[in-house]
Amino acid sequence: MFMEERKEKILAYIKNQTRATVHDLTSYFQVSESTIRRDLKELEESNHIKRTHGGAVLAQSVSYEQTMLEKEKEFVEEKQAIARKAVTFIEPGDTILLDSGTTTYELSKELKSLPKLSIVTNSVAIMQELAKNPSHDVMLLGGSFRRETSALVGPFAEQSLKMIRIDKAFIGINGIDLKEGILTTPNLMEATIKRLMIERARQSILLSDHSKVNKVNFAKVADLNDINDYIFDELPLDVTERIESYGVNVHLI
């Protein structure tokens, strides 16, 4: 079977089943795991599917939004490694901001070993994790609670952000559109909050795994060149160079 024919059949299989594991596909098509993973990578790059840990699901519309519970099960090791790298950016006495997200949540777990910090967040889940360490000063932004992401958003959160300045903001994102050079997320209110976080920080640091690259969501957050640093797990050299062309410092874990 030729590669293009196999990819068409893989896509048809996933459309029929809505999701598939690498094991399912290797058994069904009688090819190696490396072949299936390569096919899935190419199907994801053409926006037909979205790769998950151990498999793939159909690509969703720009307004589709996963819940925290769904996202926290994906790319766990990658998010933990990104979080450990992010810790090295933090210096004693810093005032930092943690955006709501599963990678920033992993970062909050890594802060227990650090000396006293001032930490701002709009995430209820992150606030609960930070509450376990009494040595840090923690500020939770007010606002309307979004259950999908455990985030506080809206006018109260926006007004609070406009009153403060941050040394370093650690930002999570749903999509990185390299063609337009923009960051995107499914929800307009969250896009506004993320944009303000970037604006209020002296240094903005993007945290995301490779699945967010070339993914487009409904609402624009900011231009890629508004970000100072980007910590990621794995990307092809040409993609890394494309991101760096926007003036972003890229850090591989």
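Remarks
- Residue that is assigned to a loop (DSSP other than H, G, I, E, B), crowded, with 18+ Cβ neighbours inside 10 Å and charged (D, E, K, R), where the choices are Lys179, Lys215, Lys168: Lys215
- Filter result (buried (at least 17 other Cβ atoms within 10 Å of the Cβ) and assigned to a helix (DSSP H, G or I)) within region 126-157: Ile126, Met127, Glu129, Leu130, Ala157
- Any hit, region 79-88, residues being surrounded by 20 or more Cβ atoms within 10 Å (Cβ to Cβ), of a type outside the set (Ser, Thr, Tyr) and not in a helix (DSSP H, G or I): no
- Those residues of region 10-24 which are assigned to a helix (DSSP H, G or I) and either in contact with a Gly (Cβ under 8 Å, 6 or more places away or on another chain) or touching a residue at least 40 places away in the same chain (Cβ under 8 Å) (or both), in sequence order: Ile14, Lys15, Val22, His23, Asp24
- Residue within region 12-29 that is modelled with pLDDT under 90, farther than 30 Å from Glu110 by Cα, surrounded by fewer than 17 Cβ atoms within 10 Å (Cβ to Cβ) and in contact with a Pro (Cβ under 6 Å, 6 or more places away or on another chain) present: no
- Every residue from region 218-249 that is out of contact with any helix residue (DSSP H, G or I) (no Cβ under 8 Å at 6 or more places or on another chain) and not in a loop (DSSP other than H, G, I, E, B): Asp223, Asn225, Asp229, Leu237, Asp238, Val239, Thr240, Glu241, Arg242, Glu244, Asn249
- For region 193-200, the criterion of being in the same structural domain as Ile96 (by TED's automatic domain parsing), assigned to a helix (DSSP H, G or I) and within 18 Å of Val250 (Cα to Cα) is met by at least one residue.
The values are calculated or read from the model by the stated rules, or taken from the named source; none is laboratory data. Please read these numbers as outputs of a predicted model, since none were measured by experiment. Neighbour counts are summed over all protein chains in view; Cβ atoms, including those assigned to glycine, are modelled from backbone coordinates with ideal geometry.
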